[in-house]
Amino acid sequence: MVMDREKQRQRYIAGTEGAPPVPPPGGYRGAKRQQALYPPPVVPGPVYSAGETAAAAEKAPSSVFSRIVLVAAIVFAAILLIMMLAGGTDALYGVTLFALQLVIAGLVVATLFTPRGRMLGGIALAITLLFNVATVGGLSALRTSAAGTYDGMKSDEQKHEEAYPGIKGTDPQDALDQQSVEDIRAAAADLFADIREQVTARFGYDWVQVGDEDLRPERNGYGGESMLYEFATEGWATTEPIQDYDTKVAVMDLIDDIVVDHGMYGLYAFNDPSVSGMDPSMIAKLYGSDDPRTQHTWESYTENYPEPMRFYADIYDLSNDADGSFQRTREAQNARTGEPLEGLQIVVIASGVLQDADREEFQKRLEEYPGFY
Amino acid sequence: MTDAQSAASALLASNRRRRRIRRWIAIGTLPLTLAALLFVGKLLSMYAFAHQAISAYVVDDYAGSEASARGQEFLNWFEPYKAPFNVGTALAGAEKLPEARAKLEESLALAHGLEVCTVRINLALVIERQGDAAREAGDGAAAAQFYGEALTITAETPEECDSDEAQQQSSDPDRDMQQTKEDTEDRLKQKQQDQQQQQPQDPEEKPEEQQEPQPSEDKLDELKEKLEQGQQERDQRQDGDEPGGSGTDKPW
């Protein structure tokens, strides 16, 4: 019996050099039952939730494609921001960048559906949603709007036109032939001096200067500024109210004589419905009434055409302000310029005039625009 | 069924339930998502269209400016006056004055508060140019009517438009809005006067209180001569021989 056991043992270990015997085909008999009956002991260790298991799975390296797309999205966003800072709003809204944006967006969306690309694709998507041609373009448009720098994409010809020193539709020779700013300043000073002297001599009014002269460049009609100016002299105003109708008529008559003496046409009363080209309802709207006797403003005008001087004489009369609205207007004006609330005011304005100092440069620049206006 | 199978089955059921909930959340919030996308798209497109409209106008591409401005009209919920304002301004640049006027009037009806200031200025300029066109066509009566209408638009500009706040909202920050309004008003008065002077007047119809000067006889002759000369020159100017220096500004 002992010999039989020894033979069996030797049969199992023969030629195996000490390795355990392989299990018989189909496994040991009753092995499954034993496993079911005696489950293996549980080794204490970390317990993973479902989310942590998923996170552990995401720790696998991202795909090369997703990395490339993320870098592309970041670079594109950086380019957009740089262009915005450089003031390139037009380029941001251009076709090229729009096409590139579509390509980036397509790649980002594609990345979301590739293996191991979801996380970086999501980051790229967030970057693309925040910084794209629409959002950065909108910011850039706001910057342009605030700065008012709408240069657009002007052609060389348009840029040349933009620098035209004259005014579109006006013969530049007119500016050279007619009174200059200095001529007008001198002529207006003479005219004002005569008016002040004669009005004071006859009516006893005192005068104060209203504001300073104003020289505003005029646009050339081609998107740029011309070398010509809208020139408004300083104004002069009486310090006493003029509320009597006959006195108003007499004052305007006297001024009319003076302006004619100074080579201008006779005064024309905008506020007088019998001579004004304006509709009576408009006269009432502008001057408080269509009856000169009850108007809060008398406004007379003349010019020295073909020279550019335009002369205005206004009489403000708060005693004819029925609802107080005109007084509020005058008070606001008084707050701005310090001028008297009522009384007579005179001023000269001229459009499209040249300064003597600019005359030579004006002519020189006009040589670049032969027959141009 | 074993415990493992039960656990797997429970997990599958949980996943299915979670997917179903996600799907219904997606379906349920789809209108909100679409509305949000539309809202963001509309906001961002406003800046794009407005910028392109202005940029195109600057380079005299009025058709392009109009096309971009019309893009603003879609779902025109925010600052609704701007879309017709930009369309009208582009049309004015292209000298389509009646259409421009209609659009600017539409804009004026949609504008509130200080928004009306800039609309009124451009509307008055467009109507003034309609008057210029009528005058060049020899229709003095129509010209005078247009000038009167433009003057009404200008005269009805609210006083608030003279404020600094209004100036900050101006579409032309390089120019003083109040000064532009006053210049336009002065110019329109003169143009109306020119039209009036072209029509013959009966001196006997003048009322007693008229403010006409009463100069001496020799001065009267001189004045008469100058007035006649001036009238002839004005007539020439209005016939287009001499455009004159008080042309209408372009809207911006």
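The values are calculated or read from the model by the stated rules, or taken from the named source; none is laboratory data. What you see is a predicted model; the values in this text were computed from it and never measured. All Cβ positions, even for glycine, are placed from backbone atoms using ideal geometry, and neighbour counts span all protein chains on display. Accessible surface is based on the protein model in full, side chains and every heavy atom, while ligands, DNA and RNA are left aside. Shrake-Rupley method; radii C 1.70, N 1.55, O 1.52, S 1.80 Å.
Side notes on the structure shown:
- Solvent-accessible surface of region B:73-133, averaged per residue with a 1.4 angstrom probe and all protein chains in place: 36 square angstrom.
- Estimated distance in nm for a label pair at B:Ser9 and B:Ala36, the labels positioned 7 Å out from Cα along Cα-to-Cβ: 3.9
- List B:Ser163, A:Ser289, ordered by accessible area with a 1.4 Å probe, largest first: B:Ser163, A:Ser289
- In this structure, A:Glu197 and B:Arg70 have a Cβ-Cβ separation that, at R0 = 60 Å, corresponds to a calculated FRET efficiency of about 0.50.
- Summed buried accessible area for A+B [probe radius 1.4 Å, Å², rounded to 100]: 5100
- Per-peptide packing, taken as the mean over residues of other Cβ atoms within 10 Å, places A:294-307, B:112-125 in the sequence B:112-125, A:294-307 from highest down.
- Listed pairs A:Lys159/A:Lys364; A:Lys159/B:Lys42; A:Lys154/B:Lys191 exceeding 28 Å between Cα atoms: A:Lys159/B:Lys42; A:Lys154/B:Lys191
- Scalar couplings 3J(HN,Hα) for region A:117-133, obtained by applying the Karplus form with A = 6.51, B = -1.76, C = 1.60 to θ = phi - 60°, are x, 5, 5, 5, x, x, 5, 4, 5, 4, 4, 5, 5, 6, 10, 9, 4 Hz; x denotes Gly and Pro.
- Distance-filtered residues of region A:327-361 - backbone nitrogen under 19 Å, label point 7 angstrom along A:Glu240 Cα→Cβ: A:340-346
- Here the accessible area is traced with a 1.4 Å probe on the protein chains. For region A:114-204, carbon and sulfur cover 56 percent of it.
- Threshold 10 Å² - residues in region B:46-80 whose accessible area is reduced by that much or more when the chain is no longer isolated, probe 1.4 Å: B:Tyr47, B:Ala48, B:His51, B:Gln52, B:Ile54, B:Ser55, B:Val58, B:Val59, B:Asp60
- For A:Glu361, neighbours were defined as the other residues whose beta-carbon sits under 14 Å from its Cβ, and their charges (Lys and Arg +1, Asp and Glu -1) total -3.
- Carbon-plus-sulfur accessible fraction, region A:302-373 (probe radius 1.4 Å, protein heavy atoms only): 45%.
- Solvent-accessible area, 1.4 Å probe, carbon plus sulfur percent, for region B:1-154: 64
- At a threshold of 30 Å², none of the residues of region B:102-146 becomes that much less accessible to a 1.4 Å probe in the full protein assembly than in its chain on its own.
- Cα gyration tensor shape for region A:229-373, rounded if a/c is under 1.5, else prolate or oblate: prolate
- Region A:312-340 and region A:243-307: distance between their alpha carbon centers, rounded to Å: 17
- The listed peptides B:170-182, B:19-31, ordered by packing as a protection proxy, come out as B:170-182, B:19-31 (highest mean of other Cβ atoms within 10 Å first).
- Heavy atoms of the protein chains alone define the surface here; on that basis region A:212-304 has 32 Å² accessible area per residue at 1.4 Å probe size.
- When the other protein chains are added to the chain by itself, burial of at least 40 square angstrom of heavy-atom accessible area (probe 1.4 Å, ligands and nucleic acids ignored) affects these residues of region A:329-346: A:Arg336.
- Inter-chain shielding of A:272-284 (mean C-beta neighbours from other protein chains, 10 Å cut-off): 6
- Around B:Asn86: net Lys/Arg minus Asp/Glu count, Cβ-Cβ under 12 Å: -1
- Taking the average, over residues, of other Cβ atoms within 10 Å as the packing measure, peptides B:48-58, A:88-98, B:32-42 rank B:48-58, A:88-98, B:32-42 from highest down.
- Separation of alpha-carbon centers, region A:123-138 and region B:11-59, rounded to whole Å: 14
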